[in-house]
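Undergrad: Quick one: the structure is below, questions incoming.
The values are calculated or read from the model by the stated rules, or taken from the named source; none is laboratory data. In this text, all values refer to a predicted model and were calculated from it rather than measured experimentally. Using ideal geometry, Cβ is built from the backbone for each residue, glycine included, and neighbour counts are taken over all protein chains shown. Each accessible area value is taken on the protein alone, full model and side chains, heavy atoms only, with ligands, DNA and RNA left out. Shrake-Rupley method; radii C 1.70, N 1.55, O 1.52, S 1.80 Å.
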Amino acid sequence: MTTTTYLEWDDQATGANDNTWGDVLDANQTIFETAIARVLSIATTGGTTVLTSDENRYPIIIVTGTLLSNASIRVRSAEKNWIFINKTNGSYWLRVTTSGGTSKYLPRGRATKLYCDGTNVIDAESSTVSFPIPIAQGGTGAITAGAALTNLGAIATTRLV
């Protein structure tokens, strides 16, 4: 059986699992619930912790422990959003990374919204917007200097998620 790309649900083929499709559906609903509403707590003392597919689904991940060395939490190289909460202590850093992309270092005692673009882990609240911004209904998206100064406060306080 194949799985979906992001949540890794069982992707049933038409007519498959005759008389057992309900079991597959129940398992997929458990995955869905985990992915939107559950919290995972991971304890580490340092080194690299590689999240399993099941652990990677959680939207909120709390990292605890006394760090005896620098610590990395390695996530899947697939698009995903998380909130990581760094509740570690000790004299070392904690970061979230993929197997080959950029990492995000987590401040201690704070929740950090992260996004993986399939390669890199970035801070989801520090995203930038390219100008001109496309405007619905076929507008050009061009902003004049006066409009840019007038709308700067609204643009600066907008967060991309």
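Undergrad: How far apart, in nanometres, would the label points at Glu55 and Thr4 be if each is projected 7 angstrom from Cα along the Cα-to-Cβ direction?
TA: Computed distance between label sites Glu55 and Thr4 equals 2.3 nm.
Undergrad: Let me ask you something else. Tell me, what is the 1.4 Å probe accessible area of Lys87, in Å² to the nearest 10?
TA: 120 Å²
Undergrad: Using per-residue counts of other Cβ atoms within 10 Å, averaged over each peptide, order 68-76, 112-120 from highest down.
TA: 68-76, 112-120
Undergrad: A further question on this structure: In nm, what is the difference between 0.36 nm times the number of residues separating Asn81 and Asn17 and their Cα-Cα distance?
TA: 19.9 nm
Undergrad: What is the Cα centroid distance between region 70-117 and region 1-63, reported in whole angstrom?
TA: 20 Å
Undergrad: In nm, to one decimal, how far is the modelled label at Val39 from the one at Arg110, with both set 7 Å along Cα→Cβ?
TA: For Val39 paired with Arg110, the spin-label model returns 2.0 nm.
Undergrad: Let me ask something else. Which of the aspartates and glutamates could a cross-linker span from Lys113 if the Cα-Cα distance has to be under 18 Å and same-chain partners fewer than 8 positions apart are dropped?
TA: Glu55, Glu79, Asp123, Glu125
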